[in-house]
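The values are calculated or read from the model by the stated rules, or taken from the named source; none is laboratory data. In this text the structure is predicted, and so the values were computed from the model without any measurement. Here the Cβ positions follow ideal geometry from the backbone for every residue, glycine too, while neighbour counts run over all protein chains shown. Keep in mind that these areas ignore ligands, DNA and RNA; they rest on the heavy atoms of the full protein, side chains included. Shrake-Rupley method; radii C 1.70, N 1.55, O 1.52, S 1.80 Å.
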Amino acid sequence: MKYSPKFFKNTMPEWKRKKDSIVAQIFHRPISYVFSSIFAEMGLTPNQVSFISLIIAFATCACFFTGSKTGYLIGAILMNLWSIVDSADGNMARSIGAKPYGDFIDATSSYIIVGFIFPVLGLVVYQEGGLLVPAGTVWIIVVGAYASSCDTMARLFFQKMKSNTSEIQLKEMAEGKLTIQDVLNVPTASPSVFMRLFARIDSELSIGGWNLIAIVLCVILECLDLYIIFYAFYFPAIFLASMIYFIKKTGCLKK
């Protein structure tokens, strides 16, 4: 076997290991090495695996439209499978080689999950009820949509900031104010204790962390309303913190 699970484990960068949530480190990442090995031996590219994760993301959301508790449980399990496959394409891109537009294709499945999962969970609670929210409560769908919107907005802010920074660097290079060496050798300041804590909390609680275990438990215990309400507070807080951080980083508030 040319691409064994051990091959992908050994080529995993240390910075990526540390960035993973505890759930990913213990469960999803080790399993993703096996999936990466299978996909690579089949001759699939990282982009093709990303497309598979996109299909799983749509299937995850579709399961919560079934009106069946079995369908809900399958959806929760598929969400975990999506995370594993989403990790597998990253393993392959880092170890075998990334393909053009890999970042774009990889991000699409994540946007499908964050954009649709909470509104459809809100629909489930509307139909079935939850621990605190009775069936027929319309506002839980709105709360779910609000949670998804805030998570999506935080991601859009990050992507726009990243894109804008690249545009500024390219413009300064064209004007001779900056060289490629300057860009590559820009010293990176060590993150503050607050930022390290912020990044760790977000890694554990955002999509890809403990929420993957929580959604399975909430389906089984029929308390998806608690899941939605928690993220209806968490994602707006992350969005607000991200917005303040990025605006401050632009320096536009300085005199």
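Within region 44-67, the set of residues being at pLDDT 95 or above, more than 15 Å from the chain's Cα centre (by Cα) and small (Gly, Ala, Ser) comprises 59, 62.
Looking at region 55-102, which of its residues are open to solvent by 30 Å² or more (accessible area, probe 1.4 Å), among the hydrophobic types (A, V, I, L, M, F, W, C) and more than 23 Å from residue 15 (Cβ to Cβ)? Hits for region 55-102 are 55, 58, 59, 62, 65, 73, 74, 77, 78, 81. Exactly one residue out of 143, 124 is open to solvent by 30 Å² or more (accessible area, probe 1.4 Å), assigned to a helix (DSSP H, G or I), at pLDDT 95 or above and not hydroxyl-bearing (Ser, Thr, Tyr): that is 143. Note on region 20-44: residues that are in contact with a Lys or Arg (Cβ under 9 Å, 6 or more places away or on another chain) and open to solvent by 60 Å² or more (accessible area, probe 1.4 Å) amount to 2.
The single condition among (1) at pLDDT 95 or above; (2) surrounded by fewer than 23 Cβ atoms within 10 Å (Cβ to Cβ); (3) closer than 17 Å to residue 233 by Cα that residue 137 does not meet is (3). All conditions in (1) open to solvent by less than 60 Å² (accessible area, probe 1.4 Å); (2) within 25 Å of residue 198 (Cβ to Cβ); (3) aliphatic (A, V, I, L, M) hold for residue 105, with the sole exception of (2). Beta carbons closer than 8 Å, at least 6 apart along the sequence or on distinct chains, pair a first residue in region 232-254 that is farther than 21 Å from residue 119 by Cβ with a second that is of a type in the set (Gly, Ala, Ser) for 242/154; 243/154.
Residues checked against (1) open to solvent by less than 40 Å² (accessible area, probe 1.4 Å); (2) under 22 Å from residue 156 (Cα atoms); (3) at pLDDT 95 or above; (4) not in a helix (DSSP H, G or I):
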residue: 186; (1), (2), (3), (4): no, no, no, yes
residue: 202; (1), (2), (3), (4): no, yes, no, no
residue: 214; (1), (2), (3), (4): yes, no, yes, no
residue: 249; (1), (2), (3), (4): no, yes, no, no
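Out of all the residues in region 84-106, which are out of contact with any Phe, Trp or Tyr (no Cβ under 9 Å at 6 or more places or on another chain) and small (Gly, Ala, Ser)? Answer for region 84-106, where residues must be out of contact with any Phe, Trp or Tyr (no Cβ under 9 Å at 6 or more places or on another chain) and small (Gly, Ala, Ser): 90, 93, 97, 98, 102.
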